[in-house]
Amino acid sequence: MTPPVFKTRITELFGIDHPILCGGLMWLADANYVGAVVNAGGMGFMTPRSFPTLDDYRDQLRKCCEITEGKPFGVNIYVSARPEANEELGVFLDVAIEENVAFVETAGFSPKAFLPRIKDAGMKVIHKCTTLRHAQSAAKAGVDAITILGAEAGGHPGMNMIGGIVQGAVVPDRLDVPVVLAGGLGTGRQLLAALALGADGILLGSRMTVAEEIWADDKYKKRVTETVESDTRIVMSIFNDNSRVLDNATAKAVNGLEDQGITDFEQYRPLVQGPNQRDAYASGDFDQGTLSMGQSCAFANEIASVEEIFDDILRDAVAMRNRLGGLTVENG
């Protein structure tokens, strides 16, 4: 495993070797994956909704603790715009607190309502959002760090679609808390660029879907290794809910409904419902479901362990840092 190369506010906040976070991946972020991320020197976040029951979720938390030999890890809490969809979030938090989970990654809408419970438990929280305005609001509410998504991100990159190179240059200067850059990232040179822009680390998502520790079928992973940066598309814009997904038959069908101006969600439901994604990962049928995928799929060109992926990123970062040193002009 590559020894520590960079020390930032994020490595200090999470007590990790490398300024690399791996965000919650719906259906995929289980104990094996999150534990491997932590053991490789990064920080990972388990997704409670990926598991069929609370007991399964609790078992996964305990298994992750065994895999990491007690090193801390996190859980992902996605805050919906619909209050009824958030009713179980408190239960997810309660279980995480009972199992002594150290970190929380919140995403979606404001985590303000959950922050007192998180803080009272001594947990650290990083909030993932898509605009400076939302980042400032979350920081004011008391989160410990911010992840800012660029338009290149898989899943929900927001409606403003601001590119990562702009987000990385704007957001860190406007916040006092550590900032992590996300969206389309998967190389060491991008890690170095993020640090140069003023960010304290990067967050990986789609880049990691080819990790050996991800439970998805190898047919799906092989498809990801064959993708290029143009193999994603945006769906669900008609509902003001952009989602960047793998460019597959289902995504094309969703865009077809949007092109017709159809706004009845029930006509979309059979295509976009969550279990379709889980079944696609299990079967390897990569044309089934709307599968979150960012443009960093371009860098996921082989199936490898989490540790190997991290090592590759860090080698690249060091090589590019050395290249920059060679570009310095000696004056006087």
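Throughout, read-outs are computed from the coordinates displayed, never taken from laboratory work. What you are looking at is a predicted structure, and each value in this text was computed from that prediction instead of being measured. A quick note on method: Cβ atoms are made from the backbone with ideal geometry, for glycine too, and the neighbour counts reach across all protein chains shown.
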Original post:
Taking every pair of alpha-carbon atoms in the stretch 99-151, what share in percent sits in each 5 Å bin, from 0 to the bin with the longest distance?
Top reply: 5, 22, 35, 20, 11, 5, 2
Original post:
Spin-label point model (7 Å from Cα, Cβ direction): what's the Gln273 to Ser137 distance in nm?
Top reply: 3.1 nm
Original post:
Once the mean 1/r over all distinct Cα pairs of the stretch 11-50 is inverted, what Kirkwood radius in angstroms do you read off?
Top reply: 10.1 Å
Original post:
Any idea what log10 I(q)/I(0) is at q = 0.08, 0.10, 0.16 Å⁻¹ for the chain, Debye with uniform C-alpha scatterers and no solvent?
Top reply: -0.34, -0.54, -1.51
**OP:** Evaluate E = 1/(1 + (r/R0)^6) for Lys119 and Ala304, where r is the Cβ-Cβ distance and R0 equals 41 Å; express this FRET efficiency to the nearest 0.05.
**Re:** 0.65
**OP:** Determine the distance separating the Cα centre of the stretch 1-65 from the Cα centre of the stretch 218-263; give it in Å without decimals.
**Re:** 27 Å
**OP:** Largest first and in whole Å, give the semi-axes of the stretch 218-283's equivalent ellipsoid, each being the square root of 5 times a Cα gyration tensor eigenvalue.
**Re:** 23, 15, 9
**OP:** Pick out, in residue order, every one of the GluC sites (Glu not before Pro) in the stretch 14-107 that is DSSP loop and has at most 16 other C-beta atoms within 10 Å; say none if there are none.
**Re:** Glu69, Glu87, Glu88, Glu99
Original post:
Which lysines, on any chain, are close to Lys140 with Cα under 20 Å apart, when same-chain ones fewer than 8 places away are left out?
Top reply: Lys112, Lys119, Lys124, Lys128
Original post:
In Å and whole numbers, how far do the C-alpha atoms of the stretch 68-189 stretch along each principal axis, longest first?
Top reply: 39, 36, 26
**OP:** Can you tell me the FRET efficiency between Arg189 and Asp231 if r is taken as the Cβ-Cβ distance and R0 is 22 Å, rounded to the nearest 0.05?
**Re:** 0.55
Original post:
Ranked by Cβ crowding within 10 angstrom, fewest neighbours first, how are Met161, Met1 ordered?
Top reply: Met1, Met161
Original post:
What order do you get for Leu132, Leu195 when you list them from fewest to most C-beta neighbours inside 10 Å?
Top reply: Leu132, Leu195
**OP:** Considering Cα pairs under 8 angstrom that are at least six residues apart, work out the relative contact order of the chain and quote it in whole percent.
**Re:** 17 percent
